[in-house]
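Every read-out reported here was derived from the displayed coordinates using simple, explicitly stated rules and does not represent laboratory data. What you see is a predicted model; the values in this text were computed from it and never measured. All Cβ positions, even for glycine, are placed from backbone atoms using ideal geometry, and neighbour counts span all protein chains on display.
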Amino acid sequence: MQKKLGKYDLVRKLGEGATSTVFLGHDPFTQRDVAIKVASPGILRDPEKGKLYSNLFLNEASLIGKLNHPHIVQIFDAVVTEELCYIVMEYVAGGTLEAYAHPDALLPIDRVVELIFKCTRALDFAYRLGITHRDIKPANILLSSTSDIKISDFGAAITNASANRTLVSGVGSPAYMSPQQIQEQPLDHRTDIYSLGIVMHQLLTGDLPFQANNHHNMIYQIMHGIPSAPSAQRPDLPPVLDAIVARATARNLAERYPTWSAFAHDLAQAVRNRLLRSPQSDKVADTEIFATLRAIPFFRDFSDVEVWETVSFAELKTVASGIPIIRDGEPGNFFSFVVSGELAVSKQGTELTRLSDGDCFGEMAIVSRHGNIRSADVVAATRSTIITIRGEALENASNACRMHFYQGFMDVLAARLALANQRVITIV
């Protein structure tokens, strides 16, 4: 194996396919490990396929710096010539979801729903940039060493400027193609919604909804067959998942989810159904925390990327009635949001106000430059659910995320000042 490729040191081979080889590389300038996908020399010299695969590499190279999302593999660099094509990407330690697409290696149900939810948010982010992936399948969804997902391989993607390109021959995987892609119709994000629905079915059951012994039969089944419901292959699945998969993979566009948000909404609702939670785990899914934060008005101006960042350091918990959350005069370096229930705010035994769904409290300890001593008691008046964020976590957040938090704090303080003024006017 050669030792260098351009400015990159080659460490070892990670994998090899018919058209490309992926190496673990190291960038000596940024001091980071990278994954380098190199087109096979033979495929580039092929008179028929050489131009096609060069275009795929060029297509992926055009996305450098655009797909900056926590659940999309970042593309850092590329070289595309007639003799040499390679893409330099974020290195994700771990395998792909292919390892969990078999009946004897299935992930917990709630984990599958969480991963699919994260895919919907990532693909919605790409769609808002005018990008449709066109080759969503388990092999193109990486599962990192921290058990998070990253969507990869945008070589077959189309943009708004090239939406009339619907390559089928030699590109894509027939088992995951939408009927519209098979028929070479103009495509949009709904083809990816279909493909992700097929992935969801496979991760839930270990099998595809259509069974065929070759590509031609598979295409016929997609166009004319009746897909099996996930619960037909795995009876312990709740009916809500059958409904979600059926709508995502509807043959007729009018019956399929019209937007990524609609798909994500139904997944988030399913997560809130405790039947999805694994009996051996009490951990709240990232999906639930994301959906909860997104519904709070404070986070209205946050991008999905910033909400996902917040999920990484937010803690969702339930407190019983009568439990103190903040004590007057004590130090505290955190703030919280009420998700449900009611909290009482008091000073020296006198109740000042009540907090309910969506309200923020404790932020003055973060905003103030003169210490973090609490100035009131906050006690759960009813059984309540709150989301708590530590000050040190916010300090380590990205600039954009911190900016939106401080803008939100200013809005909270302005609203409280306006309310106080209104009370003074009423008293006078």
Practice task
Calculate one ³J(HN,Hα) per residue across segment 36-41 by plugging θ = phi - 60° into the Karplus curve 6.51 cos²θ - 1.76 cosθ + 1.60, and present them in order as whole Hz with x for glycine and proline.
Solution key: 10, 9, 10, 5, 5, x
Practice task
Tell me the Kirkwood hydrodynamic radius of segment 290-365 in angstroms, computed as one over the mean inverse distance between distinct C-alpha pairs.
Solution key: 13.9 Å
Exercise for the section: Any chance you could list the semi-axes, whole Å, largest first, of the equivalent ellipsoid that the Cα gyration tensor gives for segment 1-91, using √(5λ)? Expected result: 21, 16, 11
Problem - FRET E, pair His215, Lys13, Förster distance 35 Å, beta-carbon r, rounded to 0.05 - result: 0.75
Completion exercise
The orientation-averaged projected area of the Cα convex hull of segment 301-427, in nm², is 8.3 nm²
Completion exercise
Any lysines whose Cα falls less than 23 Å from that of Lys3, other than same-chain ones fewer than 8 residues away, would be Lys13, Lys37
Handout entry: Label-to-label distance, nm, for residues given as Met410 and Ser261 (7 Å Cα→Cβ offset)
Key = 2.6 nm
Completion exercise
Rounded to two decimals, the Rg over Rh value of segment 194-323 from Cα coordinates and the Kirkwood Rh reads 1.06
Exercise for the section: Please name whichever of Ala35, Leu107, His189 sits farthest to the positive end of the charge dipole of the chain, dipole taken about the Cα centre and charges placed at Cβ: Lys and Arg +1, Asp and Glu -1. Expected result: His189
Completion exercise
Here the net charge surrounding His71, from other residues whose Cβ is less than 10 Å away from its Cβ (Lys, Arg +1; Asp, Glu -1), is +1
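What size of dipole, in debye to the nearest 20, comes out for segment 1-91 about its Cα centre when the only charges are +1 on Lys and Arg C-beta atoms and -1 on Asp and Glu C-beta atoms?
In total the dipole reaches around 140 debye.
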Practice task
Considering only Ala35, Ala418, Ala380, give the residue with the highest GNM mean-square fluctuation for the chain, with springs between Cα atoms whenever their separation is below 10 Å.
Solution key: Ala418
Completion exercise
For the chain the mean separation of alpha carbon contacts under 8 Å (6+ apart) over residue count, i.e. relative contact order in percent, is 10 percent
Completion exercise
Checking segment 293-329 for trypsin sites (Lys or Arg not before Pro) in a loop per DSSP with at most 16 other beta-carbon atoms within 10 Å yields Arg300, Arg327
Practice task
For Lys283, list the lysines whose Cα falls under 23 Å from its own Cα; do not include residues on the same chain fewer than 8 positions away.
Solution key: Lys118, Lys150, Lys317
Completion exercise
Quick calc, the chain, dipole around Cα centre from Cβ unit charges on Lys, Arg (+) and Asp, Glu (-), nearest 20 debye, gives 200 debye
Handout entry: Two-decimal Rg to Rh for the chain - Kirkwood Rh, Cα set
Key = 1.04
Handout entry: Mean residue ellipticity (222 nm) of the chain, computed from DSSP H runs ≥ 4 via -39,500 (n - 2.57), nearest 500
Key = -10500 deg cm²/dmol
Completion exercise
Taking a crude spin-label model, label points 7 Å out from Cα along the C-beta direction, the Thr30 to Ala105 distance in nm is 2.9 nm
